[in-house]
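Below is one structure; the comments refer to it alone.
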Amino acid sequence: MTANDGLVVLSALILTALLAWYFFGPKKSRQADLEDGMQVVRVGVKGGYSPDLIEVRAGVPVRMLFDRQESGECTSRVVMPGFRVNQLLPAHEKTAVEFLPDTEGEYRFACGMNMVSGTIRVVGNRSEDLPPAASSTTLTAQRPAGHRHTSESHPLPGGGTHRDDHGDQASQAAPPASGLDGDDPEARERAAEIKDLTVRVAVGTVLSLPVVAAVMLEEVFGLPWMPAALMDPWVQLALITPVFLFTGWPIHKTGWLALSHRTADMNSLITLGTIAAFGYSLLVTLAPQVLPEEARSVYYEAVGVIITLILLGRLLETRAKAGTGEAIRALIGLQPRTARVVRRGTELEVPVEEVAVGDVVVVRPGEKLPVDGQVLEGGSAVDESMVTGEPIPVTKSPGDLVIGATINQTGSFRYTATRVGAETMLAQIIRLVREAQGSRAPIQRLVDKVSRYFVPAVIGVASWTFVVWALVGPQPALVFALVASVSVLIIACPCALGLATPMSITVGTGKGATHGILIRSAEALETAHKLDTVVLDKTGTITKGAPALTDVLPAEGMGRDELLRLVAAVERSSEHPLATAIVAGAQEEGLELPQATAFDSVTGQGVRALVEGREVLVGNHRLLATAGIHAPPADVDRLAADGKTPMLAVVDGRLAGVIGVADTIKDGSAAAVAALRARGIDVVMMTGDNAATAAAIARQVGIGRVVAEVMPEHKAAEVQRLQAEGRVVGMVGDGINDAPALAQADVGSAIGTGTDVAIESSDITLVSGSLSGLVTAVDLSRATMRNIRQNLVFAFLYNGLGIPLAAGVLYPALGWMLSPIIAAAAMALSSLSVVANANRLRTFTPRPVPEVTQTLATEPVVEVGHRPEHDKSKETPMSQTPNLVTDPVCGMSIDPDTAADHTQHQGQTYHFCSAHCAATFGQDPTRYATTGA
């Protein structure tokens, strides 16, 4: 090695050290200012974030004012996965984003393409540093995706703008739910970018094509008849300079701005590569005498083709990415622009934004409902498929709830508006989908770590490629080294890595929303594909959650309709839920119910009344005993074994038959259970009901494992116990008592018809309330993760093979070297391929869940729920059923350990299901004392 060679190597080492310090050296953080109890920080957005390292204190609300000083899709959206922020940043405007950090740590925020990023460092909150206002300022917290947080885009006063104390103007952040006004600044900006890129690509193509054709035809194919002027370096300089400056301007501007922020992206690599090639060619053109004769080649055609191909790929990619947000735009487009309301007795057509809670809305056949509400008068079938995913229209009558953006069918009705604006279901769906699309899947963490080092590493590899070939490459070594290093810079594609996960998540969560499945985070979407156990709550999840008439079994000599007519006539005077179910069943069968007189409710037994001069008694076996009937029919035991409540009927002192009432199975529950089992997922039913009822329901839907008699406060412990067995557990529920278990589960799914508390505690909401939605969610998760893995394999494989090839590793063995033009084409196609592959998810169609004709034949294994460890002294072994006792008042079988009340009478302990039964017993203990203990 000569002294000159040593100097070159030493220079390369120094350059590598400087690059490492520049990109990875310590950076100064910017602390947020405290203003009126809120931490405020102003962030410039121009090729990066300035500052990009922000320090805030935990427990104090933060307002970040993003001042976006550029256009283009890259920085059009800011995503903060740790705080569930996914906010549009309109070009050349200021946008306020507020959130509440409450857990110390470092949280990344990035652009929608995951190329430009910054860090929010949350440090401990020292109360002495804060004024009293800070401790009293709160924001509404949402369910955590790792820690509790909130992300809100707040309406700012002053006609959509907010002026702070320093005179800054900030545009109103898009309402979390909405964007329902139909005005889509993101779509406008994308359209403007497509138009601009089209012009630049056209200019690049027209000016580069003659130069490329001349060089290729003469130097590659040896054709001598090409015009000599096109081979003149000065002519090539004149043609390519506009391409370099005008067509390549978006690349150069963004690339240099990124470098100025001590970061680097794909644009930085292309900028460095094309500047090197253009600068070398310019030197050859202007001062050829300073270079050896064999090194006087120009590469204008490479500069022109590289820039044009890169922008062409970006143009195609931008158009393809427009499709990934189709679901959100489709949801936004569902809401009508106007509504017909009744005010002061007059029908008025007003903009939908002016509808207020309490307004009476008029809906005619074929019209969309503008807001959520409750039917006041009239009725119709309403198509809710666009919100719930269920294809069958739902009949609505007075008292029923209706959802905005659904379509009325043939009838007309009036309804009272109950939720408007950002409170409507559609608005909340859009907000949840946007939050999910802005979240980060766990698989993305690896990509983020790689991306941080990727571009600086590529610059380092390009530098050393130049050094190595300059020292040992073939003559002219300088030109050979330049070509190799430019190829390395050009072929590397961090975009393919950055887009691999977010694009699939965006399409997947949007696709879920269109099928009535709201996925709150990318983490939930990823985890759902790993589920091996699903726990189903019984009431309201597997069953309808309300009693219904199931059996009418008349005794000999009594007709079915006659029995039902008489029983329903008596029960119409009762307020008991079971009575309501019997009356509703009779009315559905079109029976006319006679008037009942002398109605009397016998506590703990049933009811009696006179119907058409006949004495009718309806109740349990104790009521039968008062009529002198002591042998309950066999049908009673059969109905009880099936989990139904048998109600005996006596007419004029003679047994008339048995009525069965039960919380019936939802349509599709058995099919959904079978579909989950077919996908290798164990299904467990968890309920507070007794073991016999739980087993009966399990048999009907084909569930093989049941955890019965679980107190509401112990459901989360049961889920935790399953997780301790090494299972990945999903939980599906609908009630407030399910909320802790939903939060404990790896993936909690709430029935959309359930309580708000359950929905807020869940990761996935099944809008339609059908369990088939869970099957679709699992299929969608598996399809999305398969798509993400394909993207990542392609991105890693492409860069892992492309960069070494460009560096010339095959040249010593095969004499083969990659042209910068080929490298540019490969780079453009790489990110386009990732976007195209993600768009394949748009073709996802849920597989129909087949109807089940025969459920699981085996008897379910019934366990009795454990209590938490701290209550171990009262725990009942799961392998055995506890000794149940009978409530002496109502006849319910209960566990004495979990009974609501107990009392002593004549040395005997009695147990009760409720305080009401205990109070009834206390009024006349002798009457009930012989029934049970």
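Laid out as a table, the results:
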| read-out | value |
| --- | --- |
| Condition met for Gln31 (open to solvent by 80 Å² or more (accessible area, probe 1.4 Å), under 21 Å from Gly118 (Cα atoms) and within 43 Å of the chain's Cα centre (by Cα)) | yes |
| In segment 280-300, the residues that are open to solvent by 20 Å² or more (accessible area, probe 1.4 Å) and either assigned to a helix (DSSP H, G or I) or closer than 18 Å to Ala826 by Cβ (or both) | Tyr280, Leu282, Leu283, Leu286, Pro288, Gln289, Val290, Glu293, Glu294, Tyr299 |
| Considering residues of segment 615-644 that are of a type in the set (Lys, Arg) and open to solvent by 40 Å² or more (accessible area, probe 1.4 Å) only, the residue nearest to Ala662 (Cα to Cα) | Lys644 |
| Index of the failed condition, Ala522 passing every other in (1) closer than 27 Å to Thr920 by Cα; (2) of a type in the set (Gly, Ala, Ser); (3) buried (at least 22 other Cβ atoms within 10 Å of the Cβ) | (1) |
| Segment 759-775, residues that are in contact with a Leu (Cβ under 8 Å, 6 or more places away or on another chain), modelled with pLDDT under 80 and under 18 Å from Ile430 (Cβ atoms) | Ser762 |
| Selection count where residues are outside any strand (DSSP E or B), surrounded by 15 or more Cβ atoms within 10 Å (Cβ to Cβ) and in contact (Cβ under 8 Å) with a residue 24 or more places away in the chain, scope segment 595-614 | 2 |
| Residue within segment 318-338 that is modelled with pLDDT of 80 or more, under 30 Å from Gly248 (Cβ atoms) and open to solvent by less than 50 Å² (accessible area, probe 1.4 Å) present | no |
| Selection count, segment 680-698, where residues are assigned to a loop (DSSP other than H, G, I, E, B), open to solvent by less than 10 Å² (accessible area, probe 1.4 Å) and within 23 Å of His529 (Cβ to Cβ) | 1 |
| Scope segment 576-594; condition touching a helix residue (DSSP H, G or I) at 6+ places or on another chain (Cβ under 7 Å) and either in a strand (DSSP E or B) or of a type in the set (Val, Ile, Thr) (or both); matching residues | Ile582, Val583 |
| Scope segment 599-611; condition of a type outside the set (S, T, N, Q) and either at pLDDT below 90 or closer than 13 Å to Ser574 by Cβ (or both); matching residues | Phe599, Asp600, Val602, Gly604, Gly606, Val607, Arg608, Ala609 |
| Val243 surrounded by fewer than 19 Cβ atoms within 10 Å (Cβ to Cβ) and either modelled with pLDDT of 85 or more or of a type in the set (Val, Ile, Thr) (or both) | no |
| Considering residues of segment 876-926 that are in contact with a Pro (Cβ under 9 Å, 6 or more places away or on another chain) and open to solvent by 60 Å² or more (accessible area, probe 1.4 Å) only, the residue modelled with the lowest pLDDT | Asn883 |
| Criterion: open to solvent by 20 Å² or more (accessible area, probe 1.4 Å), of a type in the set (Lys, Arg) and closer than 30 Å to Glu725 by Cβ - qualifying residue of Arg677, Arg654 | Arg677 |
| Tally of residues being β-branched (Val, Ile, Thr) and part of a loop (DSSP other than H, G, I, E, B) across segment 808-835 | 1 |
| Condition broken by Thr664, with the remaining ones in (1) within 12 Å of Lys538 (Cα to Cα); (2) in a loop (DSSP other than H, G, I, E, B) satisfied | (2) |
| Where Ala277 falls short, out of the listed (1) farther than 19 Å from Ile306 by Cα; (2) in a helix (DSSP H, G or I); (3) at pLDDT below 85 | (1) |
| Qualifying residue in segment 34-42 (condition: polar (S, T, N, Q) and farther than 30 Å from Thr103 by Cα) | no |
| Qualifying residue in segment 490-511 (condition: touching a helix residue (DSSP H, G or I) at 6+ places or on another chain (Cβ under 8 Å), free of Cβ contacts under 8 Å to residues at least 40 places away in the same chain and open to solvent by less than 10 Å² (accessible area, probe 1.4 Å)) | no |
| Whichever residue in segment 258-279 is within 36 Å of the chain's Cα centre (by Cα) and open to solvent by 40 Å² or more (accessible area, probe 1.4 Å) and, among such residues, is farthest from Gly118 (Cα to Cα) | Ser260 |
| Residue selected from segment 199-240 under the condition of a type outside the set (A, V, I, L, M, F, W, C) and modelled with pLDDT under 85, by the criterion surrounded by the most Cβ atoms within 10 Å (Cβ to Cβ) | Glu218 |
| Some residue of segment 562-584 being open to solvent by 10 Å² or more (accessible area, probe 1.4 Å), of a type in the set (Lys, Arg) and in contact (Cβ under 8 Å) with a residue 60 or more places away in the chain | no |
| Of the criteria (1) under 28 Å from Leu315 (Cα atoms); (2) of a type in the set (S, T, N, Q); (3) in a loop (DSSP other than H, G, I, E, B), which one Gln87 fails | (3) |
| Total residues in segment 852-875, condition modelled with pLDDT under 80 and either in a helix (DSSP H, G or I) or surrounded by 10 or more Cβ atoms within 10 Å (Cβ to Cβ) (or both) | 16 |
| Qualifying positions in segment 528-540 - touching a helix residue (DSSP H, G or I) at 6+ places or on another chain (Cβ under 8 Å) and assigned to a helix (DSSP H, G or I) | Ala528, His529, Lys538 |
| Failed item, numbered, when Val658 is tested on (1) at pLDDT 90 or above; (2) on the phi > 0 side of the Ramachandran plot; (3) in contact with a strand residue (DSSP E or B) (Cβ under 7 Å, 6 or more places away or on another chain) | (2) |
| Criterion violated by Arg622 - all others in (1) within 16 Å of Thr645 (Cβ to Cβ); (2) at pLDDT 90 or above; (3) of a type in the set (D, E, K, R) satisfied | (2) |
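The values are calculated or read from the model by the stated rules, or taken from the named source; none is laboratory data. It should be emphasised that the depicted structure is a prediction, and the values quoted were computed from it without experimental measurement. FYI the Cβ positions are ideal-geometry reconstructions off the backbone, even for glycines, and counts take in every protein chain you see. Note: areas computed on protein heavy atoms with side chains; ligands, DNA, RNA excluded. Shrake-Rupley method; radii C 1.70, N 1.55, O 1.52, S 1.80 Å.
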